[in-house]
Amino acid sequence: ISILTKEQIQQLPATTFYELLQTICGVEVQSRGGFGVQGDIVMRGSTFSQVLVLIDGMKINDPLTGHFNCYVPVSNMEIERIEILKGAGASMYGPDAVGGVINIITKGFDSLKNGTSSSGTINYGDNNLISSTASVFHKANKFYVGLGLSINKSDGNSILPVALNDTTTLEGYKNYFDIKNISLSGGYKINDLWELKVRSSILSSDFNARYFYTTSTYDKSTEITSNWFNRIQLQRKTSTGSLLDINASYKRSNDEFIYSPDFPSTNIHTLDYLNFTVNNSNEINEKLIFKSGIQADLRKIESNDRGNHSDYHFGAYFMGVYKSNNLVLTTIAREDYDENYGFEFCPQINAAYNLPNLALRASAGRSIRAADYTERYNNNIALKTYIRLGNPNLIAERGWSEEIGINYSLSKNALFKATVFSRQSSNIIDYILTNESDIDSDIGVLVPGANYTFAKNIKDVNVNGFELELNSKFLISENSTLNWQMGYTFTDITNDTLGIYLS
């Protein structure tokens with residue numbers, strides 16, 4: 001696990017969550033626009049839908065499309081730390097944790113000292129750019145309250161016309177954006193054992209989405225999205241190491257997408273996502289820890305394009321951690337049930353052997369991901385020849401992941417990491433150019449003989465690669481240090497049918 005601390009977050013010149021992640025070796029952020037307009041995260045050759053994003057341990061991956069997974073309704077000033085797990089984590093965290101897991105721990109849900117603290121920044125730039133963030137936290141005895149705000153807004157710079165050939169020209173436009181976030185958190189320590197924590201956040205985004213999803217000359221897209229995220233936690237902690245937390249979250253997302261004002265092309269989607277989890281941890285003795293938990297969630301969409309659908313999911317896991325001298329062994333077993341793929345068993349085993357300056361580690365586990373609503377139901381008749389076409393018959397992706405690695409302390413302030421990883425996946429979902437005659441008739445009315453970019457299951461995809469990372473810290477003076485990291489990641493992705501298509 002890589003950790004981005006509160007101190008590092010405060011020192012980095014980052015205005016958004018995406019920019020913070022760009023400082024982590026092995027994490028690729030594919031941005032469509034600056035200042036948090038939209039971006040995808042990939043790790044270890046995964047797709048952007050195969051990375052699980054959590055806020056204080058609760059899933060926020062969007063059921064509509066993986067492009068919305070990183071709409072995080074938390075400002076940088078509210079983040080206590082970011083934990084990045086590279087590789088499979090489905091046995092612990094549930095479906096979608098194929099390439100990795102990103103857990104954003106907020107200050108209120110971690111720990112706060114008594115007193116009041118506040119911070120903020122404001123920036124102004126070209127094209128009426130305003131980029132600012134602020135937060136204030138107060139804790140007194142049993143109560144705490146926190147408030148976070150952020151805004152990134154600009155009229156956009158002018159994108160000049162582009163000539164495609166002698167007869168076709170893409171007209172110019174402005175890539176404007178208006179992104180606002182407000183977040184309120186609070187907590188109350190009921191007694192020596194129980195504590196209650198709550199959070200409510202709203203993130204709204206209005207931006208020019210031209211050429212975000214297509215390269216068609218008809219594309220004049222604009223998009224307005226909003227995310228309302230609510231969370232409550234009841235936690236019981238004892239002096240003997242026992243921990244119980246009961247959690248519930250509710251997320252409502254709205255999306256209005258206009259492909260072009262030149263013809264009817266407005267898509268409106270409303271999504272509701274309910275999530276419940278219970279986790280229990282018990283320290284039996286110095287060598288043995290048991291942890292178990294259950295999860296239940298309900299996803300629902302109402303859309304004039306994708307239709308009205310709902311899916312539910314249940315999961316349960318059991319984890320055991322054994323520590324003996326230099327050895328740490330972790331085994332996890334998880335069983336999930338989803339309307340999309342039925343029952344699935346996802347086990348995982350992790351091992352680490354620690355020496356004075358060297359740690360040897362290995363891991364192997366299974367993961368699964370079901371298609372989102374866009375992959376399954378994207379079916380706008382007016383736009384079929386320009387955008388991707390969904391497939392309601394998609395099968396869930398399944399895979400096994402393995403890795404071995406070392407951590408070597410070169411000195412007190414220098415750490416070298418090396419990891420070799422592999423993943424064997426089946427039924428990977430991708431969009432393939434497909435003729436109308438090869439598409440099932442229940443998709444809708446198609447143009448005879450036309451080709452469409454159609455969602456399909458690729459039979460098998462194998463990912464192999466390695467990561468190298470060097471972290472170091474230099475003391476410049478009594479009050480200043482220089483921290484730097486250097487990394488290299490190589491991935492080789494192959495398919496039995498297509499051969500090597502990315503490396």
### Whole-number accessible area per residue in Å² for the chain, which is evaluated in the context of all protein chains at 1.4 Å
47
### Message
What's the ranking of 78-89, 469-480, 180-191 by average number of surrounding C-beta atoms within 10 Å, highest first?
### Response
78-89, 180-191, 469-480
#### Entry: Whole-Hz ³J(HN,Hα) from phi, Karplus 6.51 cos²θ - 1.76 cosθ + 1.60, for the stretch 344-356, glycine and proline x
9, 9, 10, x, 7, 9, 10, 9, 9, 10, 9, 10, x
### Query
With every protein chain present, what accessible area does Ile294 have (1.4 Å probe, heavy atoms only), rounded to the nearest 10 Å²?
100
## Note on the structure
Under a 1.4 Å probe, counting only protein heavy atoms, Thr133 has an accessible area in Å², nearest 10, of 20
### Over the chain, relative contact order from alpha-carbon pairs under 8 Å, at least 6 apart, %
9
### Message
Taking R0 as 56 Å, what FRET efficiency do you get between Ile268 and Phe290 from their Cβ-Cβ distance, rounded to the nearest 0.05?
### Response
0.75
### Dimensions in Å of the stretch 259-324 - Rg and Dmax from alpha carbons
21.4, 69
### Message
Restricted to Cα positions, what overall size does the stretch 290-447 have along the principal axes? Three whole-Å values, descending.
### Response
67, 33, 26
#### Entry: Residues in the stretch 22-52 reached by a label modelled at Ile432 [backbone nitrogen below 18 Å; 7 Å Cα→Cβ]
47
## Note on the structure
With a 19 Å threshold on alpha-carbon distance, the violating pairs from Lys251/Lys300; Lys113/Lys197; Lys86/Lys180 are Lys86/Lys180
### Query
For the stretch 5-78, what are the per-bin percents of Cα-Cα distances with bins 10 Å wide, up to the bin holding the maximum?
18, 54, 27, 1
### Task
Using per-residue counts of other Cβ atoms within 10 Å, averaged over each peptide, order 424-435, 29-40 from highest down.
29-40, 424-435
## Note on the structure
Treating every alpha carbon of the chain as one equal point scatterer without solvent, the Debye formula yields log10 I(q)/I(0) values at q = 0.12 Å⁻¹ of -1.27
### Query
What whole-number value in cubic angstrom gives the convex hull volume per residue for the C-alpha atoms of the stretch 191-327?
157
### Summary
Taking the chain and counting helices only, DSSP H stretches of n ≥ 4 at -39,500 (n - 2.57) each over all residues, the nearest-500 ellipticity at 222 nm comes to -1000 deg cm²/dmol
### Query
What percent of all Cα-Cα pairs in the stretch 181-229 falls in each 5 Å bin, counting up from 0?
5, 16, 15, 10, 11, 9, 9, 6, 6, 5, 4, 2, 1
### Query
So, with +1 on the Cβ of K and R and -1 on the Cβ of D and E, and no other charges, what is the size of the charge dipole of the chain about its Cα centre, to the nearest 20 debye?
1760
### Query
Roughly how much of Asp492 is accessible, in Å² to the nearest 10, using a 1.4 Å probe?
40
### Task
Order the peptides 305-314, 51-60 from the highest to the lowest mean number of other Cβ atoms within 10 Å of their residues.
51-60, 305-314
## Note on the structure
With x for Gly and Pro, the residue-by-residue ³J(HN,Hα) of the stretch 196-203, computed from phi through the Karplus equation 6.51 cos²θ - 1.76 cosθ + 1.60 at θ = phi - 60° and given in whole Hz, is 10, 9, 9, 8, 9, 9, 10, 10
### Message
Using only alpha-carbon positions, what ratio does the radius of gyration of the stretch 135-255 give when scaled by 2.2 N^0.38 Å?
### Response
1.68
### Task
Report ³J(HN,Hα) in whole Hz for each residue of the stretch 310-320, in order, from the Karplus equation J = 6.51 cos²θ - 1.76 cosθ + 1.60 where θ = phi - 60°; Gly and Pro get x.
8, 9, 10, 8, 10, x, 8, 9, 9, 10, x
### Task
Pull up all non-local amide H partners of Tyr452: gap of 5 or more, or a different chain, and H-to-H distance under 5 Å with H placed in the peptide plane.
Thr434, Asn435, Glu436
### Message
If I take the Cα coordinates of the stretch 58-120 and project them onto the principal axes, what are the three extents in Å, biggest first?
### Response
40, 23, 15
### Task
Go through Phe207, Phe212 and list them by solvent-accessible area, largest first, probe radius 1.4 Å.
Phe212, Phe207
### Message
Computing the accessible area with a 1.4 Å probe over protein heavy atoms, can you report the carbon and sulfur percentage for the chain?
### Response
57
### Task
Please report Rg over Rh for the stretch 354-494, where both radii come from the alpha carbon positions and Rh follows the Kirkwood definition.
1.23
### Message
Along its three principal axes, how long is the stretch 259-382 when you only count alpha carbons? Whole Å, largest extent first please.
### Response
69, 30, 21
### Query
Antiparallel as a % of all DSSP beta bridges within the stretch 30-126, to the nearest 5?
70
#### Entry: Overall form of the stretch 1-129 per C-alpha gyration tensor (a/c, 1.5; a/b vs b/c)
oblate
### Residues of type aspartates and glutamates that Lys417 reaches as a straight line, Cα spacing below 12 Å, ignoring anything fewer than 8 places off in the same chain
Glu467, Glu469
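The values are calculated or read from the model by the stated rules, or taken from the named source; none is laboratory data. Not measured: the values here are computed from a predicted model. As a convention, Cβ positions derive from the backbone with ideal geometry for all residues, glycine included, and neighbour counts pool all protein chains shown. Heavy atoms of the whole protein, side chains included, go into the accessibility calculation; ligands, DNA and RNA do not. Shrake-Rupley method; radii C 1.70, N 1.55, O 1.52, S 1.80 Å.
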